[in-house]
Amino acid sequence: MTKQRSKLVVGNWKMHGRLAANAALLEGVARGAQALPPDVHVGVCVPFPYLAQAQALLGGSRVQWGAQDVSAHEQGAYTGEVAAGMVADFESAFAIVGHSERRAYHGESSELVAVKTQRALAAGLTPIVCVGETLEERESGATERVVGAQIDAVLAVLSVEEAARIVVAYEPVWAIGTGKSASSEQAQQMHAFLRARLAAKGAQVADVPLLYGGSVKPENAAELFRQADIDGGLIGGASLKAGDFLAICAAATAGASVAS
Ligand code: PEP
């Protein structure tokens, strides 16, 4: 069976950027994205203060934008938090939820990530739900148990219609920011595992975009994106350079021959 899904490549700037440098990066990405084929979709998730800048500079372009987190609360006395509705006010398309850095440094549980996913959906955003195992978990043979529990916690609180509107990013923690990507075989194996978990929720959910994240670079992107169940990437460090990010987006095209 051959299945052709469009590709999605999203940049995660993390806590990087300043107004002046952002302008050059956003304009460079918007300009370069014009040359990408229509089946490659592109987004950037910027720090909250720069959503307005992204809206101003990317509006009308091929590139969508979003945030890197949302609050689990709708509104109220939660000092320092940012509600999904606030993110949506800036015409954002995406909100990353459950990034491993938030799980590790802010103690976010899969149950909290599930609530954040609901908040993002209720605000009209596409949540990019991140899952992934640590090196210790992989080496102890717990990868599928850990990643399965992370995705199941989110799917458990969503209707089939809601689940069909999410994006899932498989990001092995040991590959994030380390320069050491998962091999295409390792990544495909986990994407196939996740695809089966999603399909078990409902036929409509089987085709949600499954992104790989973890040290994706222009040199390894095409090989990763060529895998049957890898629909694109969530890109950290390499999304901070317009040339590298655009080369990764272009590799999504080159790797788009999806067969399973
Ligand atoms: C990320 O932070 O989501 C990520 C994938 O980072 P990097 O590409 O730098 O490994």
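Quick one: in segment 110-137, which of the residues that are among the aliphatic types (A, V, I, L, M), crowded, with 18+ Cβ neighbours inside 10 Å and under 24 Å from Gly177 (Cα atoms) is nearest to the ligand (Cβ to nearest atom)? Of everything passing the filter in segment 110-137, Ile128 is nearest to the ligand (Cβ to nearest atom). Residues in segment 186-203 that are in a helix (DSSP H, G or I), in contact with a helix residue (DSSP H, G or I) (Cβ under 7 Å, 6 or more places away or on another chain) and open to solvent by less than 50 Å² (accessible area, probe 1.4 Å): 6 in all.
Among the residues making up segment 154-177, those that are open to solvent by 20 Å² or more (accessible area, probe 1.4 Å), in a helix (DSSP H, G or I) and away from the ligand (no atom under 16 Å from the Cβ) are Val160, Glu161, Glu162.
Got at least one residue in segment 93-109 being within 14 Å of the ligand (Cβ to nearest atom), open to solvent by less than 50 Å² (accessible area, probe 1.4 Å), more than 18 Å from Tyr50 (Cβ to Cβ) and in a loop (DSSP other than H, G, I, E, B)? Yes; the residues of segment 93-109 include at least one that is within 14 Å of the ligand (Cβ to nearest atom), open to solvent by less than 50 Å² (accessible area, probe 1.4 Å), more than 18 Å from Tyr50 (Cβ to Cβ) and in a loop (DSSP other than H, G, I, E, B).
Counting only residues that are open to solvent by less than 20 Å² (accessible area, probe 1.4 Å) and modelled with pLDDT under 95, segment 1-32 holds 0 of them.
Residues that are crowded, with 23+ Cβ neighbours inside 10 Å and touching a helix residue (DSSP H, G or I) at 6+ places or on another chain (Cβ under 6 Å) within segment 70-91 comprise Val70, Ala84, listed in sequence order. The residues of segment 218-242 that are of a type in the set (S, T, N, Q) and away from the ligand (no atom under 14 Å from the Cβ) amount to a single one, Gln227.
Among the residues of segment 204-224, those that are over 17 Å from Gly98 (Cβ atoms), in contact (Cβ under 8 Å) with a residue 24 or more places away in the chain and not in a helix (DSSP H, G or I) comprise Asp207, Ser215, Val216, Lys217.
Residue pairs whose Cβ atoms lie under 6 Å apart, sitting 6 or more positions apart in sequence or on different chains, and linking a residue in segment 79-108 that is more than 20 Å from Leu58 (Cα to Cα) to a partner that is within 16 Å of the ligand (Cβ to nearest atom) and assigned to a strand (DSSP E or B), are Val97/Pro127; Val97/Val129; Gly98/Val129; Gly98/Cys130; His99/Cys130. So if I check each of Ser215, Ser140, Ser183, which one is within 16 Å of the ligand (Cβ to nearest atom), surrounded by fewer than 16 Cβ atoms within 10 Å (Cβ to Cβ) and among the hydroxyl-bearing types (Ser, Thr, Tyr)? Only one candidate passes the filter, namely Ser183.
The values are calculated or read from the model by the stated rules, or taken from the named source; none is laboratory data. The structure presented is a predicted model; accordingly, all values stated were derived computationally and were not measured. Quick reminder, even Gly has a Cβ in these numbers, built from the backbone with ideal geometry, and neighbours come from all protein chains shown. Only protein heavy atoms, including side chains, enter the accessible area calculation; ligands, DNA and RNA are left aside. Shrake-Rupley method; radii C 1.70, N 1.55, O 1.52, S 1.80 Å.
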